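The values are calculated or read from the model by the stated rules, or taken from the named source; none is laboratory data. Keep in mind that what you see is a predicted model, and the values were worked out from it rather than measured. Because the Cβ atoms are built from the backbone with ideal geometry, glycine has one as well, and the counts that use them run over all protein chains shown.
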Amino acid sequence: MKSLKEIVYIVTKNKLKAIELLDTSKRSRVSAFYEKLANNELETDEDALQYFFPGAADKTPYRKLKASLRKKLINSLFFLDLKQPSYNDRQRAYYECHKEWGAAKILLGKNAWDACVEICERILKYALKYEFTEMALDLLRILRLHYSTRVGDLKRFEEYKQAHQLYEAMFIAENKAEQYYCELVIPYVNNRSTKEGQQLLALEYYSALRPLMEKYDSYRLHLYGSMIRLMTYTIVNDYRNALSVCDDVIAFFEAKPYDAHTPLLAAYYQKLVSYTQLREFPQGKLAAQKCLGLVEEGAVNWFRYYELYFILAMFTGQYQDAYEIYCGVSAHPRFAYLPSNDREIWAIYEAYQHYLADIGRIRPAKQEKRFSKFRLGRFLNQTPIFSKDKRGMNVAILAIQALFLIQQKKYNRAIDRLEAIEKYCNRYLHKNDTIRSYYFIKMLLAIPQANFHRQGVVRHAAAYLEKLQSVPLESAQQSAKIEIVPYERLWEFALDSLEEKVYTGRNTPRFTPP
């Protein structure tokens, strides 16, 4: 169902020129299914089955209906309106060239060589201009074959042969860069903690790619090569050098004869990350504005940009702005199509919004019923992936649980929760790349140790607070996203939740020293 809904969204958003292919003017079951999905009225296959075939034991009719809609939607993709202002010149060329490339391949399969070659020669110049290397390589192969075996034109054959050799070498270089990038990124997809040895691997990969990048100025090679170069600094949170790399990336891609939005967006995104961590907020806002001018609403990068914009607002103490960003993102129709790990991140952000609302730092809109009560069990069910990320985002999950219980004065439950967290802290958080999280958890453990008495807690936690402050967030070797709100600020909130009296409702445990 998820893939079908995604195609429906694309077809609807891009305004079909030939919408009649879906028979939406007729009250057919297929068109009714399309309209229900377009209006987000059906969430799952079970919902659709019950709507169209209530009480049916046999799912075969529903499967046929679903297959029929999918087939019509796929056919409709070739009639999308590509003249919308949201497309830049390279994007339009990408869709048009790929459509014609597909037609050329079909004609070739039908042995219609003359028609095929005419298309290939026409779109080759666009494939070369916009650096669609894979397409150019295939077009050159077809033309090389045509002018040798069918026409016998030695001059044209040599021309296409040499061009094919050039683009074949370039394609191999691009694939190597992409593979290296994938190998570096995959450990971070579901686990945000710092990985030992990754910087050395990134340096090794970039050293291997650098001569190729000096030889070829291809879009795809420099996109992945530049991202790997960036990782050599971002892995260890060296934001100053990362900013310098970003400037190089921007200069390279702005010099292209077309709009290279993807790499420029990636560079400005990393500038926003860097300025956020360095607490240089005016520059961060400028980078955010650049992102806004490049990103397409609802695209994957749109969500990633807003995630970082959310973090920037949280770091600056602009909590109401962060709340409004969260509400806008979570209400977007494309939010449901995000990968599970991305949706989980936003579930964690929502929990922090609940906490800030609880302590009066944000004012939720009256119609926002989801902020009326925070359900801890529901929150934990929403974060199964990152609950396993022991040295990464699970820290944020555990911290917000404890903060909520302390704020709500559910001290017995807070004690139970903190007893479990202490074992976790000593096992997972004592290394350099999690040292700030280690100190912060130790500060939280001082709360029941001092019987929830505010001044007592201040005294018990003083040594750990000093250690935390000695490792500033911008220079810490931990994943940048773990601290949704800087720990120093969260600690102030925790202290504000306490009173100047000793809690005597239950004997508090003696937490072990580090």
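Numbers below:
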quantity: Residue in segment 203-210 that is closer than 30 Å to residue 438 by Cα, modelled with pLDDT under 95 and not basic (Lys, Arg) present; calculated: no
quantity: Selection within segment 233-252 - modelled with pLDDT of 95 or more and in contact with a helix residue (DSSP H, G or I) (Cβ under 9 Å, 6 or more places away or on another chain); calculated: 241, 242, 243, 244, 245, 246, 247, 248, 249, 250, 252
quantity: First in segment 332-360 and assigned by TED's automatic domain parsing to the domain that holds residue 492 and of a type in the set (A, V, I, L, M), second anywhere and surrounded by fewer than 17 Cβ atoms within 10 Å (Cβ to Cβ) and in a helix (DSSP H, G or I), Cβ under 7 Å, 6 or more apart; calculated: none
quantity: Residue within segment 214-222 that is under 25 Å from residue 434 (Cβ atoms), more than 17 Å from the chain's Cα centre (by Cα) and surrounded by fewer than 21 Cβ atoms within 10 Å (Cβ to Cβ) present; calculated: no
quantity: Which numbered condition residue 120 fails, given (1) closer than 26 Å to residue 254 by Cβ; (2) assigned to a helix (DSSP H, G or I); (3) modelled with pLDDT of 95 or more; calculated: (1)
quantity: Close pairs (6 angstrom Cβ cut-off, 6 or more residues apart or separate chains): in contact (Cβ under 8 Å) with a residue 12 or more places away in the chain in segment 147-164, surrounded by 12 or more Cβ atoms within 10 Å (Cβ to Cβ) and of a type in the set (A, V, I, L, M) anywhere; calculated: 160/140; 160/143; 163/140; 164/140
quantity: Test: residue 278 is in contact (Cβ under 8 Å) with a residue 24 or more places away in the chain, at negative phi and in contact with a helix residue (DSSP H, G or I) (Cβ under 9 Å, 6 or more places away or on another chain); calculated: yes
quantity: Whichever residue in segment 11-54 is surrounded by 15 or more Cβ atoms within 10 Å (Cβ to Cβ) and β-branched (Val, Ile, Thr) and, among such residues, is modelled with the highest pLDDT; calculated: 30
quantity: Criterion violated by residue 167 - all others in (1) buried (at least 20 other Cβ atoms within 10 Å of the Cβ); (2) out of contact with any Leu (no Cβ under 6 Å at 6 or more places or on another chain) satisfied; calculated: (2)
quantity: Sole exception among (1) closer than 24 Å to residue 342 by Cα; (2) in a helix (DSSP H, G or I) for residue 237, by number; calculated: (2)
quantity: Inter-residue pairs, beta-carbon under 9 Å, first within 20 Å of residue 243 (Cβ to Cβ) and among the acidic types (Asp, Glu) and in segment 286-308, second modelled with pLDDT under 80 and in a loop (DSSP other than H, G, I, E, B), 6+ apart; calculated: 307/481
quantity: Scan of segment 123-156 for residues that are assigned to a helix (DSSP H, G or I) and either in contact with a strand residue (DSSP E or B) (Cβ under 6 Å, 6 or more places away or on another chain) or among the aromatic types (Phe, Trp, Tyr) (or both), ordered by number; calculated: 126, 147
quantity: The lone exception for residue 371 - which of (1) closer than 21 Å to residue 486 by Cβ; (2) at pLDDT below 90 it fails; calculated: (1)
quantity: Only one of 156, 70 that is charged (D, E, K, R) and modelled with pLDDT of 90 or more; calculated: 156
quantity: Whichever residue in segment 77-103 is in a helix (DSSP H, G or I) and either within 22 Å of residue 45 (Cα to Cα) or among the acidic types (Asp, Glu) (or both) and, among such residues, is farthest from the chain's Cα centre (by Cα); calculated: 100
quantity: Hits in segment 147-167 - residues which are within 30 Å of residue 224 (Cβ to Cβ) and out of contact with any helix residue (DSSP H, G or I) (no Cβ under 6 Å at 6 or more places or on another chain); calculated: 159, 162, 165, 166
quantity: Residue count for segment 264-318, restricted to those that are among the hydrophobic types (A, V, I, L, M, F, W, C), more than 23 Å from residue 361 (Cα to Cα), part of a helix (DSSP H, G or I) and under 17 Å from the mean Cα position of the chain (by Cα); calculated: 13
quantity: Filter result for the condition that a residue is modelled with pLDDT of 90 or more and either farther than 30 Å from residue 234 by Cα or in a loop (DSSP other than H, G, I, E, B) (or both), over 490, 495, 468; calculated: 495
